[in-house]
Amino acid sequence: MTPYESALTKKLTQAIELNSRLTGWVKGDDNDFPPEAPVLQTVIQRIETTNRQLDEQWHRYWELCEQRRQLAYESEGAIKPLNEQLWTDIGYQFKGGTVANDLLKVLYLKIHRLPLPRFPANRRKPVHYKDLRVHEDSYALLGQYFSWLIDLLQIVDFMPLTSAYCLAAFREQARQFNMMTQEVTQEAEKLRNMQLTQSHLYKQLNQVMTAARGRLLVYKRETKQEVK
(Lines give C-alpha, C1' and ligand atoms only; values in the text may rest on other atoms or scores of the structure.)
Protein backbone atom coordinates (compact mmCIF):
# COMPACT_ATOMS: atom_id res chain seq x y z
CA MET A 1 0.00 0.00 0.00
CA THR A 2 1.39 3.40 -0.99
CA PRO A 3 1.52 6.38 1.40
CA TYR A 4 -1.40 7.92 -0.51
CA GLU A 5 -3.55 4.80 -0.16
CA SER A 6 -2.49 4.40 3.46
CA ALA A 7 -3.42 7.97 4.32
CA LEU A 8 -6.92 7.64 2.81
CA THR A 9 -7.52 4.28 4.46
CA LYS A 10 -6.32 5.55 7.83
CA LYS A 11 -8.54 8.63 7.64
CA LEU A 12 -11.63 6.61 6.76
CA THR A 13 -10.88 4.09 9.52
CA GLN A 14 -10.54 6.91 12.05
CA ALA A 15 -13.86 8.35 10.89
CA ILE A 16 -15.62 5.00 11.27
CA GLU A 17 -14.15 4.55 14.76
CA LEU A 18 -15.19 8.07 15.73
CA ASN A 19 -18.70 7.44 14.46
CA SER A 20 -18.83 4.27 16.57
CA ARG A 21 -17.75 6.20 19.64
CA LEU A 22 -20.46 8.78 19.09
CA THR A 23 -23.08 6.08 18.62
CA GLY A 24 -21.82 4.12 21.60
CA TRP A 25 -21.92 7.18 23.81
CA VAL A 26 -25.57 7.75 22.94
CA LYS A 27 -26.57 4.13 23.52
CA GLY A 28 -24.48 3.72 26.64
CA ASP A 29 -25.87 6.60 28.68
CA ASP A 30 -29.17 7.18 26.89
CA ASN A 31 -28.01 10.62 25.80
CA ASP A 32 -29.36 12.80 23.04
CA PHE A 33 -28.12 11.93 19.59
CA PRO A 34 -25.31 14.38 18.68
CA PRO A 35 -26.04 16.43 15.55
CA GLU A 36 -22.56 15.67 14.16
CA ALA A 37 -23.25 11.92 14.06
CA PRO A 38 -25.66 11.77 11.07
CA VAL A 39 -23.44 14.17 9.11
CA LEU A 40 -20.38 12.04 9.81
CA GLN A 41 -22.25 8.88 8.87
CA THR A 42 -23.43 10.44 5.60
CA VAL A 43 -19.94 11.55 4.61
CA ILE A 44 -18.51 8.11 5.42
CA GLN A 45 -21.14 6.43 3.26
CA ARG A 46 -20.54 8.86 0.39
CA ILE A 47 -16.79 8.23 0.56
CA GLU A 48 -17.25 4.46 0.57
CA THR A 49 -19.59 4.73 -2.44
CA THR A 50 -17.25 7.09 -4.28
CA ASN A 51 -14.26 4.83 -3.61
CA ARG A 52 -16.09 1.87 -5.15
CA GLN A 53 -17.21 3.93 -8.13
CA LEU A 54 -13.73 5.31 -8.59
CA ASP A 55 -12.25 1.82 -8.64
CA GLU A 56 -14.85 0.68 -11.19
CA GLN A 57 -14.22 3.76 -13.33
CA TRP A 58 -10.47 3.21 -13.23
CA HIS A 59 -10.96 -0.34 -14.53
CA ARG A 60 -13.30 0.83 -17.29
CA TYR A 61 -10.89 3.55 -18.39
CA TRP A 62 -7.97 1.12 -18.34
CA GLU A 63 -9.84 -1.50 -20.40
CA LEU A 64 -10.84 1.06 -23.06
CA CYS A 65 -7.30 2.43 -23.19
CA GLU A 66 -5.98 -1.09 -23.72
CA GLN A 67 -8.41 -1.66 -26.59
CA ARG A 68 -7.44 1.64 -28.17
CA ARG A 69 -3.74 0.92 -27.75
CA GLN A 70 -4.20 -2.31 -29.69
CA LEU A 71 -5.93 -0.40 -32.50
CA ALA A 72 -3.23 2.27 -32.47
CA TYR A 73 -0.04 0.25 -32.70
CA GLU A 74 -0.05 -3.20 -31.16
CA SER A 75 -2.41 -5.28 -33.29
CA GLU A 76 -2.13 -6.46 -36.87
CA GLY A 77 -3.39 -3.70 -39.14
CA ALA A 78 -3.15 -1.07 -36.39
CA ILE A 79 -2.76 2.57 -37.44
CA LYS A 80 0.94 3.04 -36.83
CA PRO A 81 2.10 -0.15 -38.61
CA LEU A 82 -0.37 0.54 -41.40
CA ASN A 83 1.07 4.02 -41.79
CA GLU A 84 4.49 2.49 -42.44
CA GLN A 85 3.09 0.05 -45.01
CA LEU A 86 1.21 2.79 -46.82
CA TRP A 87 4.29 4.99 -46.98
CA THR A 88 6.22 2.21 -48.71
CA ASP A 89 3.68 2.25 -51.54
CA ILE A 90 3.27 6.02 -51.50
CA GLY A 91 6.99 6.35 -52.19
CA TYR A 92 6.63 4.38 -55.43
CA GLN A 93 3.84 6.52 -56.83
CA PHE A 94 4.64 10.05 -55.72
CA LYS A 95 7.84 11.96 -56.23
CA GLY A 96 9.20 14.72 -54.06
CA GLY A 97 8.35 18.30 -54.82
CA THR A 98 4.66 17.92 -55.60
CA VAL A 99 2.11 19.45 -53.25
CA ALA A 100 0.30 16.13 -52.81
CA ASN A 101 3.46 14.20 -51.98
CA ASP A 102 4.67 16.89 -49.61
CA LEU A 103 1.38 16.78 -47.71
CA LEU A 104 1.39 12.99 -47.64
CA LYS A 105 4.93 13.00 -46.30
CA VAL A 106 4.02 15.51 -43.61
CA LEU A 107 1.09 13.36 -42.47
CA TYR A 108 3.16 10.18 -42.58
CA LEU A 109 5.88 11.77 -40.46
CA LYS A 110 3.38 13.18 -37.97
CA ILE A 111 1.93 9.70 -37.44
CA HIS A 112 5.37 8.08 -37.44
CA ARG A 113 6.82 10.47 -34.85
CA LEU A 114 3.76 11.05 -32.71
CA PRO A 115 4.52 9.86 -29.16
CA LEU A 116 1.76 7.94 -27.42
CA PRO A 117 2.26 8.36 -23.65
CA ARG A 118 1.82 5.47 -21.27
CA PHE A 119 -1.41 4.89 -19.39
CA PRO A 120 -1.72 7.98 -17.15
CA ALA A 121 -3.93 6.70 -14.32
CA ASN A 122 -2.89 4.94 -11.15
CA ARG A 123 -5.22 3.80 -8.40
CA ARG A 124 -2.46 4.37 -5.87
CA LYS A 125 -2.13 8.10 -6.39
CA PRO A 126 -4.18 11.01 -7.72
CA VAL A 127 -4.47 11.38 -11.48
CA HIS A 128 -2.73 14.47 -12.80
CA TYR A 129 -5.07 16.27 -15.17
CA LYS A 130 -2.17 17.34 -17.39
CA ASP A 131 -1.14 13.70 -17.88
CA LEU A 132 -4.70 12.76 -18.79
CA ARG A 133 -4.98 15.55 -21.35
CA VAL A 134 -1.61 14.80 -22.96
CA HIS A 135 -2.54 11.13 -23.19
CA GLU A 136 -5.98 11.74 -24.69
CA ASP A 137 -4.84 14.53 -27.02
CA SER A 138 -2.07 12.31 -28.41
CA TYR A 139 -4.53 9.59 -29.42
CA ALA A 140 -6.96 12.16 -30.79
CA LEU A 141 -4.20 13.57 -33.00
CA LEU A 142 -3.29 10.08 -34.20
CA GLY A 143 -6.84 9.46 -35.36
CA GLN A 144 -7.10 12.89 -36.98
CA TYR A 145 -3.82 12.56 -38.87
CA PHE A 146 -4.77 9.10 -40.09
CA SER A 147 -8.15 10.36 -41.30
CA TRP A 148 -6.49 13.17 -43.23
CA LEU A 149 -3.97 10.76 -44.74
CA ILE A 150 -6.70 8.45 -46.05
CA ASP A 151 -8.75 11.39 -47.38
CA LEU A 152 -5.72 12.75 -49.24
CA LEU A 153 -4.90 9.34 -50.72
CA GLN A 154 -8.45 9.19 -52.05
CA ILE A 155 -8.15 12.66 -53.57
CA VAL A 156 -4.93 11.85 -55.44
CA ASP A 157 -6.27 8.50 -56.70
CA PHE A 158 -3.71 6.46 -54.80
CA MET A 159 -2.90 3.19 -56.61
CA PRO A 160 -0.60 0.97 -54.51
CA LEU A 161 2.03 -1.06 -56.32
CA THR A 162 3.09 -3.61 -53.71
CA SER A 163 -0.16 -4.36 -51.88
CA ALA A 164 -3.91 -4.21 -52.38
CA TYR A 165 -5.58 -1.68 -50.10
CA CYS A 166 -9.18 -0.64 -49.58
CA LEU A 167 -9.23 3.04 -48.69
CA ALA A 168 -12.91 2.85 -47.80
CA ALA A 169 -12.08 0.24 -45.16
CA PHE A 170 -9.28 2.43 -43.81
CA ARG A 171 -11.64 5.40 -43.65
CA GLU A 172 -14.06 3.31 -41.60
CA GLN A 173 -11.17 2.21 -39.40
CA ALA A 174 -10.26 5.85 -38.81
CA ARG A 175 -13.88 6.73 -38.04
CA GLN A 176 -14.22 3.95 -35.49
CA PHE A 177 -10.90 4.85 -33.90
CA ASN A 178 -11.95 8.49 -33.56
CA MET A 179 -15.27 7.47 -32.04
CA MET A 180 -13.47 5.25 -29.54
CA THR A 181 -11.12 8.09 -28.65
CA GLN A 182 -14.08 10.35 -27.94
CA GLU A 183 -15.57 7.69 -25.68
CA VAL A 184 -12.27 7.09 -23.87
CA THR A 185 -11.78 10.82 -23.37
CA GLN A 186 -15.22 11.05 -21.78
CA GLU A 187 -14.32 8.20 -19.44
CA ALA A 188 -11.08 9.99 -18.55
CA GLU A 189 -13.07 13.08 -17.59
CA LYS A 190 -15.37 10.95 -15.44
CA LEU A 191 -12.36 9.48 -13.68
CA ARG A 192 -10.89 12.90 -13.04
CA ASN A 193 -14.21 14.27 -11.75
CA MET A 194 -14.59 11.29 -9.41
CA GLN A 195 -11.14 11.94 -7.98
CA LEU A 196 -12.04 15.58 -7.45
CA THR A 197 -15.22 14.47 -5.68
CA GLN A 198 -13.20 12.06 -3.55
CA SER A 199 -10.75 14.79 -2.60
CA HIS A 200 -13.60 17.16 -1.67
CA LEU A 201 -15.27 14.49 0.45
CA TYR A 202 -12.10 13.78 2.41
CA LYS A 203 -11.69 17.49 3.10
CA GLN A 204 -15.29 17.57 4.27
CA LEU A 205 -14.60 14.50 6.39
CA ASN A 206 -11.75 16.30 8.15
CA GLN A 207 -14.08 19.16 9.06
CA VAL A 208 -16.85 16.88 10.32
CA MET A 209 -14.41 14.79 12.35
CA THR A 210 -13.05 17.93 14.01
CA ALA A 211 -16.59 18.93 14.98
CA ALA A 212 -17.40 15.39 16.19
CA ARG A 213 -14.28 15.23 18.35
CA GLY A 214 -15.21 18.59 19.83
CA ARG A 215 -18.68 17.28 20.63
CA LEU A 216 -17.20 14.25 22.42
CA LEU A 217 -15.00 16.50 24.53
CA VAL A 218 -18.02 18.55 25.52
CA TYR A 219 -19.94 15.42 26.51
CA LYS A 220 -17.01 14.14 28.56
CA ARG A 221 -16.74 17.43 30.44
CA GLU A 222 -20.48 17.44 31.12
CA THR A 223 -20.31 13.86 32.37
CA LYS A 224 -17.47 14.70 34.78
CA GLN A 225 -19.40 17.68 36.12
CA GLU A 226 -22.49 15.55 36.70
CA VAL A 227 -20.40 12.99 38.59
CA LYS A 228 -19.05 15.71 40.90
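The values are calculated or read from the model by the stated rules, or taken from the named source; none is laboratory data. Not measured: the values here are computed from a predicted model. In this analysis, Cβ positions are derived from the backbone assuming ideal geometry, glycine residues included, and neighbour counts consider all displayed protein chains. Accessible surface is based on the protein model in full, side chains and every heavy atom, while ligands, DNA and RNA are left aside. Shrake-Rupley method; radii C 1.70, N 1.55, O 1.52, S 1.80 Å.
Computed extension gain for K125 through L216, at 0.36 nm per residue and net of the alpha carbon distance, reaches 29.5 nm.
Helix 129-155 axis versus longest C-alpha principal axis of the chain: approximately 20°, rounded to the nearest ten.
Dividing the summed helix terms, -39500 (n - 2.57) for each DSSP H run of n ≥ 4, by the number of residues in the chain produces a 222 nm estimate of -28500 deg cm²/dmol to the nearest 500. Length gained on full extension, Y73 to K190: 39.6 nm, using 0.36 nm per residue less the C-alpha separation. Just to confirm the number: angle between the C-alpha axis of helix 79-93 and the first principal axis of the chain, 0 to 90 degrees, nearest 10? It is inclined by approximately 20 degrees. When only the Cβ of Lys, Arg, Asp and Glu is charged (+1, +1, -1, -1), the dipole of the range 57-215 relative to its Cα centre reaches about 1200 debye.
Multiplying the residue separation of A164 and R46 by 0.36 nm and subtracting their alpha-carbon distance yields 36.8 nm. The convex hull drawn around the Cα atoms of the chain, when projected onto a plane and averaged over every direction, covers 16.1 nm². With protein chains left intact and a 1.4 Å probe, residues in the range 98-228 average 61 Å² of accessible area per residue. Taking the 0 to 90 degree range and rounding to the nearest ten, how far is the long axis of helix 36-69 tilted relative to the main principal axis of the chain, both from C-alpha atoms? Taking Cα atoms only, the helix is inclined about 20 degrees. Heavy-atom accessible surface of M194, to the nearest 10 Å², is about 50 Å², with a 1.4 Å probe and all protein chains retained.
Once you have a ≥ b ≥ c as the square roots of the Cα gyration tensor eigenvalues for the range 89-176, tell me rounded if a/c is under 1.5, and otherwise prolate or oblate according to whether a/b is larger than b/c. Judged from the Cα gyration tensor, the range 89-176 comes out prolate (a/c at least 1.5, a/b above b/c).
Each Cα pair under 8 Å and six or more residues apart adds its separation to the average, and for the chain the resulting relative contact order is 31 percent. Using the Cβ-Cβ distance between I16 and E56 with R0 set to 22 Å, the FRET efficiency works out to roughly 0.50.
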